[in-house]
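Have a look at the structure below, then the notes.
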Amino acid sequence: MQPRDQLTAKEIQVATLVWQGLTNREIAKIVGTTEQVVKNYLRSTFDKIGVWSRLELALNSCTQRFPPCAATWSGWCSVARRRTRCGCVRGASCRS
């Protein structure tokens, strides 16, 4: 079982919003909860996936295909803050 298979729907939603570059406050408004609850989702997600930061979570989200790498249509990576060849944070090493 992949670590991402252990995530709840809310944790995947929050991870996707982190990948899109939103702050905890912005995520809380979208999800309809408080910043503290978003922090709790993030901590739980960090533990399940084995990452330590939002950047690692965002990179892991792309490599694990939630959201799909194709979602970065323009080739601009909001995580790496640069253009990549295939449009995802993994650049040329990605097979998407």
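The values are calculated or read from the model by the stated rules, or taken from the named source; none is laboratory data. Everything numeric here is computed off the predicted structure, so don't read it as measured data. All Cβ positions, even for glycine, are placed from backbone atoms using ideal geometry, and neighbour counts span all protein chains on display.
At a glance:
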| read-out | value |
| --- | --- |
| Of the criteria (1) touching a Ser or Thr at 6+ places or on another chain (Cβ under 6 Å); (2) in a helix (DSSP H, G or I), which one Gly21 fails | (2) |
| Output for the stretch 10-59, where each listed residue is surrounded by fewer than 18 Cβ atoms within 10 Å (Cβ to Cβ), modelled with pLDDT of 90 or more and either β-branched (Val, Ile, Thr) or touching a His at 6+ places or on another chain (Cβ under 8 Å) (or both) | Thr23, Ile30, Val31, Thr33, Thr34, Val37 |
